[in-house]
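Encoded as structure tokens, here's the structure I'll be asking about.
The values are calculated or read from the model by the stated rules, or taken from the named source; none is laboratory data. Being a predicted model, the structure only gives us computed values, none of them experimental. Glycine also receives a Cβ, built like all others from the backbone with ideal geometry; neighbour counts cover every protein chain displayed.
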Amino acid sequence: MDLTARTPAELSDRLTALRAEHQRLKGRGLRLDLTRGKPAAEQLALSSALLGLPGLDDHTAADGTDCRNYGGLRGLPELRATFAALLQVPAEQLVALGNSSLELMYECLVDAVLFGVVGGDAPWPREGRTAVLCPVPGYDRHFAICEKLGIDMIPVPMTHTGPDMDEVERLVADERVKGIWCVPKYSNPTAATYSAETVRRLAAMETAAPDFRIFWDNAYAVHQVAGVDEPLADILGLSVEHGHPDRVFVFGSTSKITAAGSGVAFFGSSPANVAWLLGHLAKRTIGPDKVNQLRHARLLPDAPAVHAHMARHAAVLQPKFELVDALLEKRLGGTGAASWTRPRGGYFVSLDVLDGCAARVVELAADAGVALTPAGATFPYGKDPRDRNIRLAPSYPDPDELRDAVEALTLCVELASVEHLLAAAGTPA
Ligand code: PMP
């Protein structure tokens, strides 16, 4: 029944029952965690062959490179060829580097503020004089980089087809606005995939800043969970077509394909931008870990092998997403107290509760031993103006733990909603 249609007297009765239920929950001494999108051990085991690869006698790449030695800043050609197709970047414009794409994003932003980027005549100004657009809800670690570097963040609402493009086009008329964060496929956290029209508008739009960059974090490029691959338009090709060849930095990694802490990260862009990044990286390193790249090339020799591997991940993840949806529906369906996404890929469910209730839900869950991503984390500076969004990460817990955690969460959502509605009706809880 719709909670928002209940009388204060009905809500008061409900509150008494919910508080008793919450007390009993606390008594169970749960210790559960829905905070970070980590692969479960069962998923990591899908790549356990990596630990025996490339093997004692195998250290030579296809082009004859001895992977044990220094050099090869661009990474192994065979691995780049496999991921070129998956990340929609020509292989010669894709480089394979260390284990973390987040590190590459940080590197690019630091280089932008220290040295400037191709097409700009100066470093990006800092301390509030450069701004980056942040589709919200979005990925907290993107926002943390900007905050650290003194780059302003301007939130732009996410829709089911990507960021609100009317708003983006309006904001990029300000030359202070130098970039936008994008997780274009199975987005973190809403799981939306940008429509072809959104991608075209991002590639085509006129920006006041000549050195504007799209940070195209395609972290979930091959991570479908429901047996359907949502197509994504080719941003790099479109930006060339529309006369902005240097606009896009593409990032990706195998973190959620193989071993999250020991994967391979990729950067793809125009030839000029690749030369720009490698020019900076060459001062930091003589070359990436090519032995790790070789064992990845052995495990995943081509794009079909990656897709087959990802289908095995999906077999682990899909039941977890279905369980979360079923449990949310069971308790919160029809209550008017929450809405949530039903992802077809990626790692997250985005839950919206009543305005003003997210922080309270997180607090009630913490009291009951269930750790949730802090309310506000999906917004710049950790501030959700409506205090309503909570990111759920169902991958890591086993199914029994996940059931306990989501059942506890749904109780906390109902309890926080009833408290809120009573307070709004002027009835002290
Ligand atoms: N980008 C997004 C959107 C992510 O969700 C994550 C992981 N949670 C990352 C980047 C981190 O990628 P990596 O492990 O390659 O640093």
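Would you please name the residue that is nearest to the chain's Cα centre (by Cα), looking only at residues in the range 91-107 that are near the ligand (Cβ under 9 Å from one of its atoms) and of a type outside the set (Gly, Ala, Ser)?
Taking the candidates together, the pick is LEU102.
Moving on. Taking strands (runs of 3 or more DSSP E) that do not extend beyond the range 321-410, which have at least 3 residues that are not small (Gly, Ala, Ser)?
Result: 349-353, 389-392.
Out of curiosity, is ALA81 crowded, with 20+ Cβ neighbours inside 10 Å and either on the phi < 0 side of the Ramachandran plot or in the same structural domain as VAL168 (by TED's automatic domain parsing) (or both)?
no
Can you name the condition, by its number, that ASP355 falls short on among (1) touching a Lys or Arg at 6+ places or on another chain (Cβ under 7 Å); (2) within 23 Å of GLU21 (Cβ to Cβ)?
(2)
For the structure I just gave you, tell me whether ASP13 is farther than 27 Å from ILE257 by Cα and at pLDDT below 95.
no
Same structure, new question: Look through VAL306, VAL324 and report the one residue that is in contact (Cβ under 8 Å) with a residue 12 or more places away in the chain, more than 30 Å from PRO54 (Cα to Cα) and more than 17 Å from the chain's Cα centre (by Cα).
VAL324
If the Cβ limit is 9 Å and pairs must be 6+ apart or interchain, which residue in the range 125-141 that is aromatic (Phe, Trp, Tyr) pairs with which residue that is within 14 Å of the ligand (Cβ to nearest atom) and not in a loop (DSSP other than H, G, I, E, B)?
From the range 125-141, the pairs are TYR139/TRP181; TYR139/ASP217.
A further question follows. Between VAL370, VAL349, which is of a type in the set (A, V, I, L, M) and within 16 Å of the ligand (Cβ to nearest atom)?
Result of the check over VAL370, VAL349: VAL349.
Sticking with this one: Given the criteria surrounded by fewer than 17 Cβ atoms within 10 Å (Cβ to Cβ) and modelled with pLDDT of 95 or more, does PRO343 qualify?
no
Test PHE379 against the stated conditions and say whether it is under 23 Å from the mean Cα position of the chain (by Cα), aromatic (Phe, Trp, Tyr) and within 20 Å of GLU230 (Cα to Cα).
Against the criterion (under 23 Å from the mean Cα position of the chain (by Cα), aromatic (Phe, Trp, Tyr) and within 20 Å of GLU230 (Cα to Cα)), PHE379 does not qualify.
Can you find, within the range 3-43, the residue that is farthest from the ligand (Cβ to nearest atom) among those that are hydroxyl-bearing (Ser, Thr, Tyr) and outside any helix (DSSP H, G or I)?
The extreme case among them is THR7.
Turning to a different aspect of this structure: Only one residue in ALA377, ALA405, ALA358 is of a type in the set (A, V, I, L, M, F, W, C) and over 30 Å from LEU133 (Cα atoms), so which one is that?
None of the other options fit; the residue is ALA405.
How many of the residues in the range 303-328 are loosely packed, with under 14 Cβ neighbours inside 10 Å and acidic (Asp, Glu)?
0
Here's something else I'd like to know. For the range 223-258, how many residues meet the condition of being surrounded by 24 or more Cβ atoms within 10 Å (Cβ to Cβ), among the aliphatic types (A, V, I, L, M), more than 11 Å from the ligand (Cβ to nearest atom) and in a loop (DSSP other than H, G, I, E, B)?
Residues in the range 223-258 being surrounded by 24 or more Cβ atoms within 10 Å (Cβ to Cβ), among the aliphatic types (A, V, I, L, M), more than 11 Å from the ligand (Cβ to nearest atom) and in a loop (DSSP other than H, G, I, E, B): 1 in total.
Still on this structure: Which one is nearest to the ligand (Cβ to nearest atom), of the residues in the range 264-280 that are over 16 Å from GLY116 (Cβ atoms) and buried (at least 21 other Cβ atoms within 10 Å of the Cβ)?
ALA265
Search the range 193-212 for residues being over 29 Å from ALA122 (Cβ atoms) and free of Cβ contacts under 8 Å to residues at least 60 places away in the same chain, and hand back the single one that is nearest to the ligand (Cβ to nearest atom).
Looking at residues that are over 29 Å from ALA122 (Cβ atoms) and free of Cβ contacts under 8 Å to residues at least 60 places away in the same chain, I get TYR194.
Follow-up. Suppose the filter is surrounded by fewer than 19 Cβ atoms within 10 Å (Cβ to Cβ), of a type outside the set (Ser, Thr, Tyr), more than 16 Å from the ligand (Cβ to nearest atom) and assigned to a helix (DSSP H, G or I); does ALA297 pass it?
Taking the combined requirement at face value, the residue does not satisfy it.
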